[in-house]
Every structure is written in C-alpha cells, then in structure tokens.
Amino acid sequence: MIKLGMLGMWHSHADGIVRQVAEHPDEFALVGFYDPDPAVVAEKRRKWEPLIPNFRVFERPEQLLSEQLEGVVVESRVYENLSLARLALESGRPVMLEKPAGVRMDEFRALVDLAQRKHLHVQMIYLFRYMSAVQELLRQARAGSLGQIYAFRARLPKDLKSYDHYVDELGRYKGGIFFEMAGHVVDLMVALLGKPLSVTPFMAHHHGGPGTFVDNGVAVFGFERAWGIIEVPALEVAPHARRIEVYGTAGACSIPHLGSGHLANKNIQPIEIYQAGAADWQVKELPAATLQIADLRQFAAVVKERATPDFTTAHDLIVQEALLASCGMA
C-alpha cells in the first residue's frame, strides 16, 4: 500500500482519484486532504467521507505534510497547483500533479529543478494516457506499423450547454477552453512526434457578442516531417465528437470517440486501423480501461519500486511549453 495525501480538492479529476483509491484499499490509502476554500471542502466532504475511512481535512497544508505520507496528489485550481506541489517536494514527497502544469513555464521548470535536486518523482495526470484505444495507438506507432507519421489531428470539444460555467471557471486564463483541454492531446502528439519546431495559435471568441473568452481554439504545430492540428471548441452540440486521427506512410489510426471520466462511456472502446495495401479499415474493439487507476499504479511503481516512468520529465516539459505557446501564454 502507498499512503497519499491530497493538496487541493477542487479539480473535477480529483473525484476519480478518490474513487479509485476507495475501490483499491489494498493498494492505496488517502491519509488526509487540504483545500483553502471552505465551500470546496464542504462539497467534497459530503461526497468523499462515505468512501474514505477516517476521512480527515487539515486546516493548513503543512499539517497534512507532517503526516506519514509516501506521495502527494495535487488537485487544486491550475494557478495554485505549482505552489502546493512545491510544498510537497520541499517536505520530501513525490507528487502527482494535475494538468496543466501551471500557467508559467519558468515556474514549472523551477519545480522540476527542485524535484531533480531532491531525487523526487513528479508525474503529470493526463486522463487519456492509459485509455485502451490510446495505448493501442501508441503501440501501433512505436511498432512502426504506421510508417512515417505525417499528420496528427485531435478534436476535444466541450458542451455548449455548459458555456457559462467555462467562462466563470476559465476566464482568468488567456487560452480559455483551449488551455483547459488541449494538454490532453498535446501530451499524445508529443509522445508520437517529439518536440514541435513551430507553434501557430488561432485563439478566438466566436460565441454571442463581443468578448475575450477563448471559446474556439485551433493550433497548428510544425514538426520536421509532420503537421499537428488540435481543435478545442466550447460550442459543441453533437455527441461523441472527441477524436484523434494519426496518418502515416504505412498506415493510419483513428479513435472515433475518446470519451471522458464524466461522459457516458461504452464498455468497449473502438480504434480504427488501416494498413497500406489493405482493402479497408479494420475496427478493433477494446475493453475500456478504468480511468485513473493506471495513473495511480504507475506512480506507486515509480515511487516504491523505482520503475522507469512511462512519460519522462523531459516529455512533460515539452508538452507544457507547447501548450502555453499554442494558447498565446508562452
């Protein structure tokens, strides 16, 4: 078992982490929680106290960090997360850090430098990494089945009916909805293609009258021998419109419905695969992986067993730099 603390309780992904800890008590324990907002604490206490034995919330982060912890999960608001992660690292604890990695590149670099000086692991939480279809896509690419990848395209829309909520929650960030969502697929694009040589953002406010909130963002990433195109609107009315397409000189893969932790997801996740010379695309139906348990197990393996991380710190730095550039937040 690995004993964890949670600094920040606000983020929507924190619910999934808590559920997975509760469902795997032989592997994980949440020793305690902290959040600076009493309203957030009250809401999450109502939801989580029935799930977590000896549920405890501490008034200050230092109090939680004085407990016997082997790792810390950081799940506050994005602009608060790096300061909380720094407190955890300074206390000698490795960190699972919610995406994106803050709002300033220099602050994230300083956090990584601190972790490296202290020989501590920092693991980003990107929800799509361990989805069944995503893992198959990465396997196909790494096996060379796609040949030279020349195009990556991803679309991650958010529902129009929740538009006002996104404005309230994300209006403080220059990149708006794109900053919130694009990191998921920048993460996968970088895993496939490496560091982009150029980033060209097209961030716009397209809903209603005049405004500054980025509700329809597109970014084009240039690589030596490929293009990457990522689209994130907050204007979606069509269902099942989250997708990834990857095209290469020997084949192609398409994930027609990424799903998410809060959307209705089928038990089977399809991926469409084409090999050069075949008569048509083939559909491979994979059992849908339970979200977030793989992230927790990866963290435990690195921290307790010194396993090699699936995604390196160098990778995470490239992802964050590319994300901020694509939002005009570099």
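The numbers here are math on the coordinates, done by the rules we state, and not lab data. All values reported here derive from a predicted model rather than from experimental measurement. No Cβ is skipped: glycine too gets one built from the backbone with ideal geometry, and neighbour counts run over all protein chains shown.
For the range 132-290, the convex hull drawn through the C-alpha positions has a volume of 119 cubic angstrom per residue.
Take 153-160, 183-190, 237-244 and order them by the average number of nearby Cβ atoms within 10 Å per residue, most first; the result is 183-190, 153-160, 237-244. Taking amide H as placed 1.01 Å from N in the peptide plane, Ala307 has its amide H under 5 Å from the amide H of Val302, each at least 5 places away in sequence or on another chain. Within the shell of other residues whose beta carbon sits under 13 angstrom from the beta carbon of Asp164, the net charge comes to -2, with Lys and Arg scored +1 and Asp and Glu -1. Taking every lysine pair in the chain that is 8 or more places apart or spans two chains, those with Cα atoms closer than 26 Å amount to 26. Seen from Leu82, the other residues with C-beta closer than 14 Å to its C-beta sum to a net charge of -3, counting Lys and Arg as +1 and Asp and Glu as -1.
Listing Lys99, Lys3, Lys266 from fewest to most neighbouring C-beta atoms within 10 Å gives Lys266, Lys3, Lys99. In order along the range 211-221, the phi-based Karplus estimate (6.51 cos²θ - 1.76 cosθ + 1.60, θ = phi - 60°) of 3J(HN,Hα) comes to x, 10, 5, 6, 10, 8, x, 9, 9, 10, 10 Hz; Gly and Pro are listed as x. Inter-part distance, the range 79-155 to the range 197-213, computed on C-alpha centroids, equals 25 Å. Where Lys and Arg each count +1 and Asp and Glu each count -1, what net charge lies around Phe178 among other residues with Cβ under 11 Å from its Cβ? Around Phe178, the charge tally is -1. Relative to the longest principal axis of the Cα atoms of the chain, the long axis of helix 183-193 makes an angle of roughly 60 degrees.
When a/c is below 1.5 the answer is rounded, else prolate if a/b is larger than b/c, else oblate, so apply that to the range 91-219 with a ≥ b ≥ c taken from the square roots of the Cα gyration tensor eigenvalues. Because a/c hits 1.5 or more and a/b fails to exceed b/c, the range 91-219 counts as oblate. Taking the dipole about the Cα centre of the chain, with the C-beta of Lys and Arg at +1 and of Asp and Glu at -1, give me whichever of Ala141, His24, His240 is farthest to the positive side. Projecting each Cα onto the dipole axis, the largest value belongs to Ala141. For the chain, DSSP calls about 60 percent of its internal beta bridges antiparallel. Over the chain, Cα pairs under 8 Å with separation of 6+ residues give a relative contact order of 18 percent. Computed over the chain, the per-residue total of -39500 (n - 2.57) for DSSP H runs of n ≥ 4 gives a 222 nm mean residue ellipticity of -10500 deg cm²/dmol, rounded to 500. Residues in the range 247-258 carry Karplus couplings, in order, of 10, x, 6, 10, x, 8, 9, 9, 9, x, 8, 6 Hz; the curve used is 6.51 cos²θ - 1.76 cosθ + 1.60 with θ = phi - 60°, and Gly or Pro positions show x. Among 286-295, 126-135, sorting by the average number of other beta carbon atoms lying within 10 angstrom of each residue, highest first, gives 126-135, 286-295. For the range 150-245, GluC sites (Glu not before Pro) meeting the loop criterion (DSSP other than H, G, I, E, B) and having at most 15 other Cβ atoms within 10 Å: Glu224. Ordering Val185, Phe221, Leu197 by Cα displacement along the dipole of the range 132-290 toward the positive end leaves Leu197 in first place; charges were set at the Cβ atoms of Lys, Arg (+1) and Asp, Glu (-1).
Remark on the chain: ratio of C-alpha radius of gyration to 2.2 N^0.38 Å is 0.99.
Which shape class, rounded, prolate or oblate, goes with the range 41-154 when its Cα gyration tensor gives a ≥ b ≥ c as root eigenvalues, a/c under 1.5 marks rounded, and past that a/b bigger than b/c marks prolate? Prolate. Working note: Karplus 6.51/-1.76/1.60 with θ = phi - 60° gives the range 31-42 the couplings 6, x, 9, 8, 8, x, 9, x, 5, 5, 4, 5 Hz, where Gly and Pro are set to x.
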